[in-house]
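Colleague: Mind looking over this structure? Questions follow.
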Amino acid sequence: MVTIDFDMIPARDTVPADRREAILADPGFGVHFTDHMVTMRWSEGSGWHDARLEPYGSFTFDPATSVLHYGQELFEGLKAYRQDNGAVVLFRPEVNAARFNASARRMAMPEMPEEVFVKALELLAAQDQDWVPTTPGTSLYLRPFMIATQRGLGFSHPSTSYLFCVIASPAAAYFGGGARPRALTVWLSENYSRAAPGGTGFAKVGGNYGGALAASREATERGCDQVVWLDAAERTWVEEMGGMNLFFVHAPEGAPPRIMTPRLTGTLLPGVTRDSLIRLAPTLGIEAGEGRISTAQWREQSAAGELTETFACGTAAVMAPVGRVRGVSGGWTIGDGEPGPVTMRLREELLGIQYGLLPDPFTWIHKVC
Ligand code: COI
């Protein structure tokens, strides 16, 4: 067990309580930030050191700092929830810690002991607990990230120093909507690829997101909410959505419901919500598995009424139903184009666990305070 002592430097100028309450009443997503952040430095020879909880604030960087040029960066996303009894909890933070380290290995960056990563989250969530909103569906989104800080433009080896930071932002549902989310219209990206075998698709790194923006803009220009990525080799198999995993529901009349999500081939993100739903579904009598589905199968099975629902899932998005698909060669509607019963049942159960309204059979909830 590795322990690191954090210097606690509380902010002198915090956001006034009335202003904070106004923000929490309508937080949006990723717009407002709390009073504090956690920082920690890594350097060759010293390892992780200089851990602090300190006032939220700007960094000053030399223009030759390597992350600004070569994108050696990674991040995570998870939420602190205000449970029904007032407790502030995290959801499976150790899974984020493991994925942080998987991304770090791929990016030739230093790993962080799981307990240090989780401690950083706990400290920030506890310090800024007044920023955890109470309205149903809202939470405090935590964004840990790590950047390469070595000064210099040489590209012969990974950076010799890094900065780790966690910031926190009160958040409403990513796609808006309260108890009943609206169904999304999605755009099949047939010209761009997100990730190729051997690349960084499975890692949570900024480059995967920056490279997706042109396709996202294409989707928006066509009136769609999100882009759907296909495999880079055959442009046939559905992989994931922009920043979210996808599930396909087969629940034709009279048959037991079944959900399927694309297998982790190395080119898609191993989502924490994705993993949680695969485990949770069987407890509700819903068979769950990994597989693959082509765009043609998605269209044909939807038309035949075999594939009855599709939904996206992720930490920010939670679970977002997909009602319509569009692409260069036309589009189709899934079911009646509205959120389906299997999606809504799973969503109710997942949110119920996260908000402490339902039992937590997998001990996923990690109490902070
Ligand atoms: C998350 O769900 O935590 C993400 O990082 C997705 C991002 C597009 C907001």
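The values are calculated or read from the model by the stated rules, or taken from the named source; none is laboratory data. These numbers come from a predicted model, not from an experiment. Here Cβ is always computed from backbone atoms with ideal geometry, including for glycine, and neighbour counts include all displayed protein chains. The accessibility values were calculated without ligands, DNA or RNA, using every heavy atom of the protein model including side chains. Shrake-Rupley method; radii C 1.70, N 1.55, O 1.52, S 1.80 Å.
Colleague: Listed residues Glu338, Glu306; which is open to solvent by 50 Å² or more (accessible area, probe 1.4 Å) and either among the aliphatic types (A, V, I, L, M) or over 27 Å from Thr138 (Cα atoms) (or both)?
Modeller: Glu306
Colleague: Here is a further query. Kindly check whether there is at least one residue in segment 346-355 that is within 16 Å of the ligand (Cβ to nearest atom), under 30 Å from His366 (Cβ atoms), modelled with pLDDT of 95 or more and crowded, with 22+ Cβ neighbours inside 10 Å.
Modeller: Looking through segment 346-355, at least one residue is within 16 Å of the ligand (Cβ to nearest atom), under 30 Å from His366 (Cβ atoms), modelled with pLDDT of 95 or more and crowded, with 22+ Cβ neighbours inside 10 Å.
Colleague: Pairs under 7 Å by beta carbon, first residue hydrophobic (A, V, I, L, M, F, W, C) in segment 201-223, partner assigned to a helix (DSSP H, G or I), six or more apart or different chains?
Modeller: Ala203/Ala102; Ala203/Ser103; Ala203/Arg106; Val205/Ser103
Rundown of residues vs (1) more than 16 Å from the ligand (Cβ to nearest atom); (2) within 21 Å of the chain's Cα centre (by Cα), yes/no style:
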| residue | (1), (2) |
| --- | --- |
| Asp62 | yes, no |
| Tyr70 | yes, no |
| Glu76 | no, yes |
| Tyr81 | no, yes |
| Ala87 | yes, no |
| Arg99 | no, yes |
| Leu121 | no, yes |
| Gln127 | yes, no |
| Val132 | yes, yes |
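Colleague: When segment 304-322 is examined, which residues are found to be over 17 Å from Ala281 (Cβ atoms), more than 12 Å from the ligand (Cβ to nearest atom) and of a type in the set (Val, Ile, Thr)?
Modeller: Answer for segment 304-322, where residues must be over 17 Å from Ala281 (Cβ atoms), more than 12 Å from the ligand (Cβ to nearest atom) and of a type in the set (Val, Ile, Thr): just Val322.
Colleague: Inspect segment 276-299 for any residue being open to solvent by 40 Å² or more (accessible area, probe 1.4 Å), at pLDDT below 95 and not hydroxyl-bearing (Ser, Thr, Tyr) and give the result as yes or no.
Modeller: no
Colleague: If you check Thr363, Thr265, Thr261, which single one turns out to be surrounded by fewer than 22 Cβ atoms within 10 Å (Cβ to Cβ), farther than 25 Å from Ala80 by Cβ and among the polar types (S, T, N, Q)?
Modeller: One residue alone meets the criteria, Thr265.
Colleague: Now a separate question. Within the set of pairs 6 or more residues apart or between chains, which connect a residue that is of a type in the set (A, V, I, L, M) inside segment 257-268 to a residue that is in a strand (DSSP E or B) with Cβ atoms less than 6 Å apart?
Modeller: Going by the 6 Å Cβ cut-off, the qualifying pairs are Ile259/Phe247; Ile259/Val249; Ile259/Ala288; Met260/Phe248; Met260/Gly289; Met260/Gly291; Leu268/Glu239; Leu268/Glu240.
Colleague: For segment 120-218, list the strands (runs of 3 or more DSSP E) that sit wholly inside it and hold at least 3 residues that are under 24 Å from Val322 (Cβ atoms); which are they? Can you show your working first?
Modeller: Values: elements: 139-148, 161-171, 184-189.
Those strands (runs of 3 or more DSSP E) span 184-189.
Colleague: Could you check, for segment 102-118, whether at least one of its residues is assigned to a helix (DSSP H, G or I), farther than 30 Å from Arg20 by Cβ, modelled with pLDDT of 95 or more and open to solvent by less than 10 Å² (accessible area, probe 1.4 Å)?
Modeller: yes
Colleague: Which members of segment 18-43 meet the condition of being more than 16 Å from the ligand (Cβ to nearest atom) and open to solvent by 50 Å² or more (accessible area, probe 1.4 Å)?
Modeller: Matches in segment 18-43: Asp18, Arg19, Glu21, Ala22, Ala25, Asp26, Arg41, Trp42.
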